[in-house]
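What follows is a set of notes on a single structure, which appears directly below.
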Amino acid sequence: MREKADTSARSSRAEVRNPLLALPEIREAFASLPADSQTALRIALKAMSVNFRARGNEAWQKHKPPMAAYWKGNAVYARHLALAIRQNGGADPIEPTGICAACGDGPEEGSHKHDA
């Protein structure tokens, strides 16, 4: 019988959890931006992620799964881009109201993984 490979090391790597980090074009583009531009972009992307996640939840409650998937997918990519800026050495800005500074989740998320 074939042994199951240990995937814990792979799944904890940043580029596996956020595939945008594996793209050199993303890293280079963010590195070329001034720190204040990185901060502004990160704040905007996190705010977009929260808004898109709320739209996805609303669509799900209205029994519109295709739209829910669309908005949730957009939320994930906006958050991945925001986190890619931070991974690239961008400044950790003052977070907009309602966004958790530690994990980037919005207020509708309830308890956060880091609160345990």
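The values are calculated or read from the model by the stated rules, or taken from the named source; none is laboratory data. Values in this document were obtained by computation on a predicted structure and should not be read as measured data. Because the Cβ atoms are built from the backbone with ideal geometry, glycine has one as well, and the counts that use them run over all protein chains shown.
A compact table of results
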{"quantity": "Tabulated pairs, segment 62-80, first closer than 16 Å to Val50 by Cβ, second among the aliphatic types (A, V, I, L, M), C-beta under 7 angstrom, 6+ apart or interchain", "calculated": "Ala68/Ala59; Trp71/Ala59; Ala78/Leu45; Ala78/Met48; His80/Leu20"}
{"quantity": "Count of segment 20-51 residues which are of a type in the set (Ser, Thr, Tyr) and in contact with a helix residue (DSSP H, G or I) (Cβ under 8 Å, 6 or more places away or on another chain)", "calculated": "1"}
{"quantity": "Only listed residue being at pLDDT 95 or above and closer than 17 Å to His80 by Cα, chosen from Ala44, Ala22, Ala31", "calculated": "Ala44"}
